[in-house]
1. Within the stretch 268-276, can one find any residue that is touching a Gly at 6+ places or on another chain (Cβ under 8 Å), buried (at least 20 other Cβ atoms within 10 Å of the Cβ), of a type outside the set (S, T, N, Q) and in a loop (DSSP other than H, G, I, E, B)?
2. Return a yes/no flag: does the stretch 19-39 have any residue that is among the aromatic types (Phe, Trp, Tyr), in a helix (DSSP H, G or I) and either within 13 Å of Trp128 (Cα to Cα) or not assigned by TED's automatic domain parsing to the domain that holds Arg361 (or both).
3. Within the stretch 445-462, restricting attention to residues that are outside any helix (DSSP H, G or I) and out of contact with any Gly (no Cβ under 9 Å at 6 or more places or on another chain), which residue is farthest from Asp253 (Cα to Cα)?
4. Limited to the stretch 536-548, what total is found for residues that are farther than 15 Å from Glu586 by Cα and surrounded by 15 or more Cβ atoms within 10 Å (Cβ to Cβ)?
5. Output the number of the condition that Ala283 fails; it satisfies all remaining conditions of (1) modelled with pLDDT under 95; (2) in a loop (DSSP other than H, G, I, E, B); (3) within 19 Å of Thr257 (Cβ to Cβ).
6. Quick check on Gly91: is it within 19 Å of Arg30 (Cα to Cα), more than 26 Å from the chain's Cα centre (by Cα) and among the small types (Gly, Ala, Ser)?
7. Condition test on Asp543, is it among the charged types (D, E, K, R) and in contact with a strand residue (DSSP E or B) (Cβ under 7 Å, 6 or more places away or on another chain)?
8. Farther than 21 Å from Val217 by Cα and surrounded by fewer than 24 Cβ atoms within 10 Å (Cβ to Cβ): which single residue out of Leu135, Leu95 fits that description?
Amino acid sequence: MSGMVGLVNQDGQPVDRLLLGRLMESLAFRGPDDQGGWVEGGVGLGHTMLRTTFESEGEGQPCSLDDRVWITADVRLDGRAELIKELAARGCAVLDNVPDVKLILHAYQVWGDDCLRRLLGDFAFAIWDGPRRRLFAARDHLGVKPFYYADTGRSLIFSNTLDCIRHHPDVSDRLNDLAIADFLLFDCNQDPATTSFADIRRLPGAHSLTWQPGGPVQLRRYWNLPQEGIVRYPRPRDYVERFQELLRQAVSDRLRTDRVGVLLSGGLDSPLITAIARDLLGARSPRFDLRCYTGVYDRLIPDEERYYAGAAARHLQLPVDFLPLDDYGLYERQSELRWPEPCHDPQGAAGADFINRVASRSRVILTGDGGDEILYPSKSYIYKLAKSLQLGPLLTGVGRCLLLYGHVPHVGFKTALGRWRHGRRQSRPGFPEWLNPGFAARVNLRDRWEELGRAPALEHPVRPEACAFLANPLLQVSFEAYDPGTTGLPVEFRLPLLDVRLLSYALSLPPLPWCVDKIMLRELARGRLPEAIRRRPKTPLADYPELALARRPGSRWLDDFEPCEQLASYVRRQAVPPVSAETDRERLWMNLRPVSLNYWLQNLNADYADKFSSNLN
């Protein structure tokens, strides 16, 4: 997760090299291996290097193939062999060990902006095309890698780290009230093109950015979630074999290093990823470094993660490091955590310690994130079959569930029938009465609450719910929570189950049986994982940690928390109800948001004082 920054002076004035150097220095934590800059007239690019692949060992950035077109990037490409083959077919011979960043330059050299149709993986990059006096930048399909920018009128500033842009003297700390409102209502900003700062914007996933002198910044979407519908194979086993092929490739593309950590849960997704990673690393060398990490509750709440994650690790003969979470209090050390934007994570200290422990041994961490999204059961599809009396595919799907998993699917099938018969609708907490009325009226929050609280439009012909999950802004927030710009640590999280090739295939699977009870993953786990894990139903926590922590005597201070002055612009402190006796998790979660925002505003004021002081010096 290297650091990248760029300055483009729109009036053509020479770039201030000292300023570029200061911005690069703010990224030093992201890239401890190397640091480089390039300046030509009114354009400057900077980079701090974190080497996380074999091919990056000799890499230097910013880089160029011809001293005319330059790039700075944070990139890890998938499908390198296929891309190199395509380039060769166009007369561009490239060595197999070329760094990813040069592959992007070669692709841009051959296809121009259309190179984005050939690039796969996690990337954020910016290319300065000297002959065309043009900036071209892009962010990967799902937005795993961040990209932020600010247009001050005099300069265009961009980086993969929000706080880096805030260090520029022309970028103010004025807040974006609508983003703050979204945080208080929905946990995160609902506009993927903005940030919590009025002057700083976010390039959404699957978008490119272009700029040329005399023109505005222009954005273009280059990819959408696939809409092809159901794929048909003659044999049930064909579906599993194709999924396995794509998943193995996704894991393999993320294992181009010799030391890897895995966030291991007691569920199905991450143990399966771990088993595949172990097999691939073992085939490469009998000596490999793969270690598992699991957060557990031993006393606070009933929790079986230690047992099941331990069973998976023993079965795979891998070391596992458990981090007990019982003794962390709500908002412990929160004033030390510098979130770039408001973050609703009352147990943030536990997460920070967890990532610190992993980062002490590994620069690359695999996770099982994405299984719930790409294999989310299509209740609307099952409902449509039931309503239209299409009993053939309905009974065939249920029969295959019985054959493969041993019982009628309890996720999706019964829910769909219940929806058909009773029209059930999920409830949510009411509009928070503690919002400042003037603020709520100014940004029309009640209308926004009603508009965004409605079920999203379901556009996919078969898997609309899965697409809704994948398009939810919370997914992008979760990626950015893993990023060093948030964690402050040079460690890269990789998510094989959200590989674009695998995701596209998963969205074309027949929902019955493959997307019910994660039967697809259960079939892949056959013989790889213990049967107790392979057949374990998805099990929610018996109690929510936040509720249990709020009941502790040490959490009663939350009922009387002291607001900072700025919080009053958004929240009526006296209207925030006590939380220590709350029994409903959703209400507790909502009524803790003012506390989370209060901490962020306090830290923001401290950061502003530091910025003001550094600018004076």
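1. Checking the stretch 268-276: at least one residue is touching a Gly at 6+ places or on another chain (Cβ under 8 Å), buried (at least 20 other Cβ atoms within 10 Å of the Cβ), of a type outside the set (S, T, N, Q) and in a loop (DSSP other than H, G, I, E, B).
2. No: zero hits.
3. It comes out as Arg454.
4. So the count comes out to 1.
5. Tallying (1) modelled with pLDDT under 95; (2) in a loop (DSSP other than H, G, I, E, B); (3) within 19 Å of Thr257 (Cβ to Cβ), Ala283 fails exactly one: (2).
6. No; evaluated as a whole, the condition is false for this residue.
7. So Asp543 fails the test.
8. Only one candidate qualifies: Leu95.
The values are calculated or read from the model by the stated rules, or taken from the named source; none is laboratory data. These figures come from a predicted structure and were not determined experimentally. No Cβ is skipped: glycine too gets one built from the backbone with ideal geometry, and neighbour counts run over all protein chains shown.
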